[in-house]
Amino acid sequence: MLHLLRKLRRNERGNVLILTAAAAPLLLGSAGLAVDTIQWTLWKRQLQRAADSAAIAGVYDLHTDGSEAEARIAVANDLTQNRKTWMGLASGYPQVTFPANSGQARSQVAVTLAIQQQLPFSSIFMSAAPLITARATAALVPSGGTACFQALESTAVTGIIHNGNNAVIAPECVSYSNSPAANAASAGGSSDVQLKAIATVGGVQQSRNWRVQQYLPYSPALPDRFASLNPTPDEMNCTSAELNDGTTTIPAGINCFSSLKVGSNKTLNLTGKVSGPIFINGGDVDLKGTFTCDGCTIVITNKDASPTAPIGTLSSNAQANNNINAPTTGKYAGIAIFQDRRASMQTIRINGGSGSVINGAVYMPSASLRINGNGSSDSLCAAFIGRRLEFIGTSAIKIGDPNSSACAAFNSGGAGAVSVVRLVA
């Protein structure tokens, strides 16, 4: 036997066999650990992806409904979609918390997930499967823009339409569509739309007509800045008279009229005659000439508090020059034109002449606000808010920086500051 071992030791092939046998456990162990490491990394990555998606879903729901209970349901539904059946969560998970607002991060949702999975090699030496965890925190954060255009439409139809030779020149503004449609905002024809960003709740298709710095599809709905604002009968002191281009004096204390009309090539200047709201009680506003009012809001409403009370409409033709500066204080601060939300769905046509300037919000939450014709206006500090927005014909609108000191005087703030959902931790 000893002779055989000595002979084997002197044989090179025998040495290789001995070394191979001695190294086999190390080689097998290294291979096993490598497989475990790859498997651990894969599971960790999949788990992190599920946590990220669930946290983002929670923020969308929390922002929309404001309910932590509903946000937890949204997290659970998202996890069901993303995890499918590839792994089961450990007992006590998911853990969903709602961190307080921090800095610019709002509506935060944190999701922690954990799984216990047997590793192919390490399980030989471990009495229990290891716990693999992943945590994600998402929040609503400012995107650095202010919406000068907002479509409040919440059904799956296109909320913002640009067509014809329409031009919108607002490089510091965001256009925002609350529509969840696959094409929530569109730009076609020969339109030229210059914006800081186009943001939508649904999708938005790229177009050569958009000249934007950012596309922001699938953003959270932008709240209606004036949702709680409603005219009340006690603030209206009405007359049955019409306010028109023949009006020279206004009786003291009167702020409510049956209608407002300015004929072609006619002028009505209310600066110094009225301030604050001018209520139009059940009638229409028809502007064909030059209308000027500094520090006032045209409120199209009805003193009758019935939910079915008729609400008038507004029409402005291409020859009209509308020069309206919204008040800087009071209930209607920052609003140039306000239509009562009780109005039925209708199309409001605004075609301003080249001398038109609007400083403040044009707010018509129940209407399709259509800007068309061949007029152009430099609405330096304007915001256009409607159920839907349509820019057609050859009209042109120029809007400056809504965050400038000049616009701050009108408390315009556009339709509101734009935010997006992002992972913050």
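The values are calculated or read from the model by the stated rules, or taken from the named source; none is laboratory data. All values derive from a computational prediction rather than experimental measurement. No Cβ is skipped: glycine too gets one built from the backbone with ideal geometry, and neighbour counts run over all protein chains shown. These accessible areas exclude ligands, DNA and RNA; they are computed on the full protein's heavy atoms, side chains included. Shrake-Rupley method; radii C 1.70, N 1.55, O 1.52, S 1.80 Å.
Here are some notes:
- Computed accessible area, R106, all protein chains, 1.4 angstrom probe, square angstrom: 90
- Neighbourhood net charge (14 Å Cβ-Cβ; Lys/Arg +1, Asp/Glu -1) for P365: +2
- Legend: residues D234, D294, D286, sorted from most to least accessible area (1.4 Å probe; ligands, DNA and RNA excluded), read D234, D294, D286.
- Gyration tensor verdict on the stretch 268-315 (Cα atoms; rounded if a/c is under 1.5, prolate if a/b is larger than b/c, oblate otherwise): oblate
- Where trypsin sites (Lys or Arg not before Pro) fall in DSSP loop in the stretch 237-341, at most 16 other Cβ within 10 Å: K266, K273, K331
- Local electrostatic count, G416, Cβ distance below 9 Å [Lys/Arg +1, Asp/Glu -1]: 0
- The listed residues Y60, Y218, Y363, once ranked by accessible area (1.4 Å probe) with the largest placed first, stand as Y218, Y60, Y363.
- With 27 Å as the limit on Cα-Cα distance, the pairs of K273/K331; K196/K273; K303/K398; K261/K331; K266/K331 that go past it are K196/K273; K303/K398; K266/K331.
- Residue order for H63, H162 - accessible surface, 1.4 angstrom probe, largest first: H63, H162
- Neighbourhood charge, 14 Å Cβ-Cβ cut-off, centred on W210 and excluding it, Lys, Arg +1 and Asp, Glu -1: +2
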